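Taking it in order: structure first as structure tokens, then the write-up.
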Amino acid sequence: MADIIAAKDRVRQLTAELERHNRLYYIEAQPEISDHEYDRLLRELGDLEAEFPELLSPNSPTQRVGGAPIPGFTQIAHPERMMSLDNSYSEEEVVEWYNRQKKVMGGDFETIIEPKVDGVAVAIRYEDGALKYAATRGDGRTGDDITQNVRTIRSLPLNLPADAPQTFEVRGEIFMPNDGFAKMNAERLEAGEAPFVNPRNATAGSLKQLDPKVAAQRPLDIICHGFGQLEGFALATQDEFRDLLKKAGLRGSDARWRAGNSDEILAAIRELDVRRHDLPYETDGAVVKVFSIAAQKQLGSTSKAPRWAMAFKFQAEQAQTKVLSIEIQIGRTGALTPVANLEPVFVSGSTVARATLHNEEEIRRKDIRVGDCVIIEKAGEIIPAVVEVKKELRTGDEVEFVMPTECPSCGTPVVRDPVQVAVRCPNYQCTEQVKRRLRHYAQRGAMDIQGLGDVMVDLIVDAGLAIDVADLYDLKFEDLIKLERQGQRSVEKLLDGIAASKQQPLWRMIFGFGILHVGSSSAQSLVGHFSSIDAIRAASLEDLEAVDDIGTIVAKSITDYFGNEQNIAMIERLRDAGLPFEAAPPEPTAGGGSAKFADTTWVITGTLSESREGIADTIRALGGKVTGSVSKNTTYLLAGEKAGSKMTKAEKLGVRVLSEEEFRTMLAEDDA
Ligand code: IVH
């Protein structure tokens, strides 16, 4: 068949042409043809493939939009480990790093400095010029096969030119450019969908899609910064690597500096910190790398990270905006917290419209007024805070904030907490407080009651069906079915959820009480120490202070709580309802040995691939204790991305810091 031979030739020609134009467009920003022309070539290829399906390759430029959904991600073993980088947070640390390597190298050495792209790490393997797979880092040894999703990234070639290395495993960062992110979020809001928190989360979420058609809709892009396995090609320097990327049509770093000593490195980092705001994507630091590949090999790696590279993390980002109003939130313990409504502003990867002002004293100290221009700061996931008021921009129309003397929810005169700076509503039945208490009790980290979301709590409280958590166990089908928009199914689901909560461990209920200062880790310490509610209730201040993790203020708050008749009455009703009042006996561990994390104390910080609460549950299930702050008793600090002050403290105290990758490795390790 002469036809198919000719068609095969044309398909090969068109594929190469389209890849070349892709490269010219995305990598070199020098397109030779119009979009229209490009589409015409693409259509011609598509037509040929339709006519001769045997010529259709999964790497065809027509196959970007994604094939069929997959049932789940398969695993891919990385031929060479995918490491992470050591982080530094100060210029001194960078200099120390440089000097350490200088000793080994016997003198000053060349480096390059690049932006640290805040995205998701990926390894992409090409064999004989064709894309073979794309995989996430995973635990560094194996990752998820995300080829179908990565294939949809337009700037990534599916086929390399003929003179490309025979085997090329390129590594890089997949990210979502800021403008694409903003546009996508606007569309999601319009469609009534929840917006993504920041571009990094949106990227991770997109890559985890099982349906590549969804990923294809997301504005993903990639920047390549390193390589794993490389065969049939020799690289001597970072410049040669950059040239290889260019030749292959892979996008490398946009900005890059050379530095031959530590002063030059610092100068480059400072310049990058300014320039990075002009980059169309989020960056969270600078990466310093040794220039010579031979020198990199000489320096080698630790178990976690290469010695030849170092990440410098930039300080939290700040932005200027305006205080539109100050509103009062009432917490579950009745504390009145002022919150600033801000003119929305984009900072550290997300739009910020609110900032906590903590309390009246803080507002007074910083002299924050409605109408003020302020500088806000956001570090990682932390709720943004006002760090400075631009007093020089005042017009005279700014309005000072006055703390209300009556609770905005129930009108009860507020009281000033003598110990804390807080102002509280003393009315136990205050609607807003009741709602907050129930929400706190029902939340995932506490009793995890299915069917009892915020809206349901509001309905129940507004209907006067509950003023404390014990009332939940008296709720009747007949009452609930009368609530607005409640069908039989949702009411049954709620009643089942409430009944199921009786099986939760004691510490969750104690945490769920919402005792001031008693978080989930203190609740666990209490149960670990006293084993029953009655023992905790009978404990004196001294007894309580003897518990790890419980200081004077927390101990006082606990005795106050159990000294309150209303609380005791509620607790007795919970006992009658059949809730757990004793600690469950410790779960036996496999093989009868001790639990993997027995006698270890953990602190979790930064952004991780799953919620901190979820990870804490895993640690607890293995016998570990999870606390909120780093102390000399901490065994491990599990630090995710954007770990901040806890990291510094851990380093100061010599507490072992684990990356998520190391943690996952530990989990997977056989400790028989
Ligand atoms: S070089 C051994 N260069 O940041 C890893 N990494 O926090 C060498 N990253 O694992 C990586 N931008 O996923 C390098 N210009 C850049 C980077 C970069 C972002 C990521 C990368 C790395 C992580 C470490």
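Measuring how big segment 330-457 is from its alpha-carbon positions, Rg and Dmax come out at 16.9, 51 Å.
Spatially, segment 76-117 and segment 391-456 are offset by 47 Å when compared through their Cα centroids.
For a footprinting-style exposure proxy, rank SER522, SER155, SER629 by other Cβ within 10 Å, fewest first. Don't skip to the end; give the middle numbers.
Details: SER522 26, SER155 16, SER629 12.
Ascending Cβ contact count within 10 Å gives the list SER629, SER155, SER522.
In units of the rule-of-thumb radius 2.2 N^0.38 Å, segment 28-116 shows an alpha carbon radius of gyration of 2.00. A cysteine counts as unpartnered when no other cysteine's C-beta lies under 4.7 Å of its own; in the chain this applies to CYS224, CYS373. Restriction of the GluC sites (Glu not before Pro) in segment 43-99 to DSSP coil positions whose beta-carbon has at most 15 other beta-carbons within 10 angstrom yields GLU80.
What separates the Cα centres of segment 1-74 and segment 131-166 is a distance of 17 Å.
Rg/Rh, computed from the Cα trace of segment 106-153 with Rh as the Kirkwood radius, has the value 1.15.
When both segment 333-366 and segment 487-550 are represented by their alpha-carbon centers, they are found 30 Å apart.
Set the bar at 22 Å for Cα to Cα. Now go through LYS116/LYS246; LYS378/LYS652; LYS366/LYS652; LYS213/LYS378; LYS183/LYS208; LYS435/LYS502 and name every pair that lies beyond it. The pairs that break the limit, which is 22 Å between Cα atoms, are LYS378/LYS652; LYS366/LYS652; LYS213/LYS378.
Using only alpha-carbon positions, what ratio does the radius of gyration of the chain give when scaled by 2.2 N^0.38 Å? Before the final figure, lay out the partial values.
Working: Rg = 29.1 Å, N = 672, 2.2 N^0.38 = 26.1 Å.
Here the Cα radius of gyration is 1.12 times the empirical estimate.
Using Cβ counts within 10 Å as a stand-in for footprinting exposure, how do PHE73, PHE581 rank, fewest first? Before the final figure, lay out each step's value.
On the way: PHE73 19, PHE581 14.
So the ranking, lowest neighbour count to highest, is PHE581, PHE73.
Only the coordinates and a few stated rules stand behind these numbers; no lab work does. All of these numbers come straight from a predicted model, not from anything done at the bench. Cβ coordinates were reconstructed from backbone atoms using ideal geometry, including for glycine residues, and neighbour counts include every protein chain displayed.
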